[in-house]
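Below is one structure; the comments refer to it alone.
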Amino acid sequence: MKSSVSKLENKLSNCKYIFVVGGVISGVGKGVAASSIGLLMQARGHKVTSIKIDPYINIDAGTMNPTEHGEVFVLDDGDECDQDMGNYERFLGVDLCRTNYMTTGRVYEEVIRKERNLEYKGKNVEVVPDVPFEVIHRIKEATRITGSDITIIEIGGTVGEYQNVLFLEAARMLKTKNPADVAFVLVSYLPVPSNLGEMKTKPTQYASRTLNSAGVQADIIIARGPIALDKKRKEKIALFCNVPEDNVISAPDVKSIYDIPLNFEKDKMGETLERVLSLPKRTANLSNWKKFVSKTKNGKEKIKIAVVGKYFDSGDFVLSDVYISILEALKFSSYESGVGIEIACVNSKDFESKKIPLSMLKKFDGVIVPGGFGESGIEGIISAIRYARENKIPYFGLCYGMQLMVIEYARNVLGLKDANTREVNPNSKNLVIDIMEDQKAKIESKNMGGSMRLGAYIAHLKKGTVAHKAYKADMITERHRHRYEVNNAYRERLENAGLVFSGHSPDGTLCEIAELPTSSHPFFLGTQYHPEFKARPLAPHPLFTAFIKACQGKKKV
């Protein structure tokens, strides 16, 4: 037993840790930078895992408002987490788990649980050092579970924020104990004020010094900006931020985030990290990634897709991050199909208010309705679904997009004009979408956080259907996030009216996929699950690819 423990300790002691922190502004691209770094190290033969630290009291991201926080990404084990976890999975091509996601709430919850359980053996439990110790423990646990030799930890927000202090303290402690095994990467923005026309380094200098005040010195600075960093700016950052000039990496705006790893490699990011972490020099094998990136440049023919959603408005701005996994899944399948793509984000509330006419959907080759909750904007979505169905525009509904598709069909084909979901109108006589049995008690007891049907579940597919042909499989596993399902009391009537339930749970009680046969519509399909969460650059999702091909077919008509 002692031998196995010592082997584990030796393995963990040989691990390298890369902390990615942000300066100046949020949304500067830390998640993509962390993902790109992971890809470069993975391409050098390392086993890499990624951790996201969110400085929220929330236990997970499931209860956060999507228009403020962005997409809630769901893992196989059902953890609801930040959208950056989706970036990690897509870039690294791996499935992560709950251990790879950390919030302030989650850390404090565990410290308090241990204290109540007498696991601190009666000692005085304090914010410092016990909270940072718990952070370090969770980092090492993720490293152990994944068997990784390099762990990349992104600390959310920006340096200098009060919420980040304890996480930076944990990173400082880890660096102090393992100075050769820990590296810090500061991602900072260099603005070019329009009235000056000159890139300014002073905000980055302040960010670097703020990081220093937490006892941390950046080893590498990624200089984000609208344009590439010139030599003079590189020299200034090196001089005033106390880093070698070679350790300042230029990161200008790019058309595709998937160019970033290749740009980092050109600027010797991988070699620099090897030097900082005393790793043996290796050659990166990025051939598959380069092939993928080359596909993003092709596609002279372009198809137009409308994503009709309800969470786009954020003040005067359009927030597309709410549906980021869907947008990326569409791109992967379009690249694979050799076609270009134009995606328009359409606010369903604008259909309801008559701000835009439904007929504007005519100019699109396909319509997607993503997931959501509540009643706002759904009548606009239902009208858009009807328009797509009646005008033979390829339609793909995800989660709520499938439920509203069934409601539309019940209203306008079965003639059940008041058909609805219990979530919106519990008094409707025709609740074609109803609460799942195991969810009723949870709602009554207000057990709402992390209690939906979450994570990976198996579904069986009906042969000869659109879904079966796309997957080329009889059984699939997909990720879910919902409380409501198709009401089986209406299933036979819907099927008799032409709707096909082509996927169902192993016991046959839950409808996982609904579709119309291609004899009546080029592509009219909805999934109760979220296929977008499993789409990868090097492995596009088959349903998205089938949808893209249907859109190509519509364009040629």
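Rounded to the nearest 0.05, the FRET efficiency derived from the C-beta distance between N65 and V254 at R0 = 22 Å is 0.15. Ranked by the mean number of other Cβ atoms within 10 Å of their residues, highest first, the peptides 109-121, 537-549, 193-205 come out as 537-549, 193-205, 109-121. Computed from Cα positions, the angle between helix 2-13 and the longest principal axis of the chain comes to roughly 90 degrees.
Counting only lysines at least 8 places from K114 when in the same chain, those with an alpha carbon closer than 20 Å to its own are K123, K140.
When every Cα-Cα distance of region 78-165 is counted in 10 angstrom steps from zero, the calculated P(r) takes the values 14, 43, 33, 10, 1 percent. Enter the angle in degrees (range 0 to 90, nearest 10) between the Cα long axis of helix 104-116 and the first principal axis of the Cα atoms of the chain, meaning the one along which they spread out most. Approximately 70 degrees, to the nearest ten. Think of region 368-496 as having a plus end and a minus end, set by charges on the Cβ of Lys, Arg, Asp and Glu; of S451, V424, F396, F396 sits farthest toward the positive end of this dipole. Taking amide H as placed 1.01 Å from N in the peptide plane, the amide H of S502 sits under 5 Å from that of I513, A514, E515, each at least 5 places away or on another chain.
Once the Cα atoms are used to define both axes, helix 202-213 deviates from the longest principal axis of the chain by about 70 degrees.
Under the criterion of Cα pairs below 8 Å and six or more residues apart, the relative contact order for the chain equals 14 percent. Net charge dipole, the chain: roughly 1500 debye, given to the nearest 20, about the Cα centre with Cβ charges of +1 for Lys and Arg and -1 for Asp and Glu.
Between the listed residues H480, G38, P261, the Cα displaced farthest toward the positive end of the dipole of the chain, a dipole computed from Cβ unit charges relative to the Cα centre, is found at P261.
Region 524-557 and region 346-370 have Cα centres spaced 20 Å apart. Beta bridges per DSSP, both residues in the chain: antiparallel share near 35 percent. How many percent of the alpha carbon pairs in the chain exceed a separation of 34 Å? Everything past 34 Å amounts to 43 percent. Our note on the geometry: Cα centres of region 403-463 and region 245-307, 42 Å apart. Only helical runs count toward this figure. For the chain, summing -39,500 (n - 2.57) over DSSP H runs of n ≥ 4 and dividing by all residues gives -11500 deg cm²/dmol at 222 nm.
A dipole drawn for the chain from +1 and -1 charges on Cβ atoms has a positive end, and of F373, M85, P226 the residue lying farthest that way is P226. Suppose R0 equals 41 Å. What FRET efficiency, 1/(1 + (r/R0)^6) with r the Cβ-Cβ distance, do C345 and E110 give to the nearest 0.05? Using R0 = 41 Å, I get an efficiency of 0.60.
With a simple spin-label model that places each label point 7 Å from the Cα along the Cα-to-Cβ direction, the separation between S294 and S353 comes to 4.7 nm.
Each reported figure results from applying straightforward, stated rules to the coordinates on display, with no laboratory input. Since this is a predicted model, take the numbers as computed values, not measurements. Please note: Cβ atoms are built from the backbone with ideal geometry, for glycine as well, and neighbour counts cover all protein chains shown.
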